[in-house]
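One structure is given here, and the rest of the page talks about it.
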Amino acid sequence: MSAAENERRASSCRTKILAMQDCFRKYPREPERGLLCKHLSNAVAVCILTSLCPMEFEAVQSYCNSIGTLTKRRLCEAAQTRLDNCIKSHQE
């Protein structure tokens, strides 16, 4: 991934994070926060995951999107493990 692409993704995540923080300030208490800010929290999570581990996240979305055969479930589990390992590698 190029430096320009990394910066574009980082900028996109920053915008989503700021929007989520603004929503959290507007709605500091549950259940309003959960109901009204959930879409922003999800958008931030997807943005961060697609920035850090794009191939692993795409594999999880592909293999784990529905109930399937035993083979598909095994592929889903393997994809989840790879995504988990990718996330852990960025925490160290």
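The values are calculated or read from the model by the stated rules, or taken from the named source; none is laboratory data. Just so it is clear, the model here is predicted, and its values are computed rather than measured. Virtual Cβ from ideal backbone geometry, glycine too; neighbours counted across all protein chains shown.
Taking (1) outside any helix (DSSP H, G or I); (2) under 28 Å from Met20 (Cα atoms) in turn, Ile67 satisfies each apart from (2). Counting only helices (runs of 4 or more DSSP H) that fall entirely inside the range 1-64 and contain at least 1 residues that are among the β-branched types (Val, Ile, Thr), modelled with pLDDT under 95 and not assigned by TED's automatic domain parsing to the domain that holds Leu75, the qualifying elements are 3-26, 32-52. Filter the range 77-86 down to residues that are of a type in the set (A, V, I, L, M, F, W, C) and surrounded by 15 or more Cβ atoms within 10 Å (Cβ to Cβ) and give me whichever is farthest from Gln61 (Cα to Cα). By that ranking, first place goes to Cys86.
For beta carbons closer than 8 Å, sequence separation of 6+ or different chains, a first residue in the range 51-76 that is surrounded by 12 or more Cβ atoms within 10 Å (Cβ to Cβ) and a second that is of a type in the set (D, E, K, R), the qualifying pairs are Ser51/Arg9; Glu56/Arg82; Ala59/Arg82; Tyr63/Lys72.
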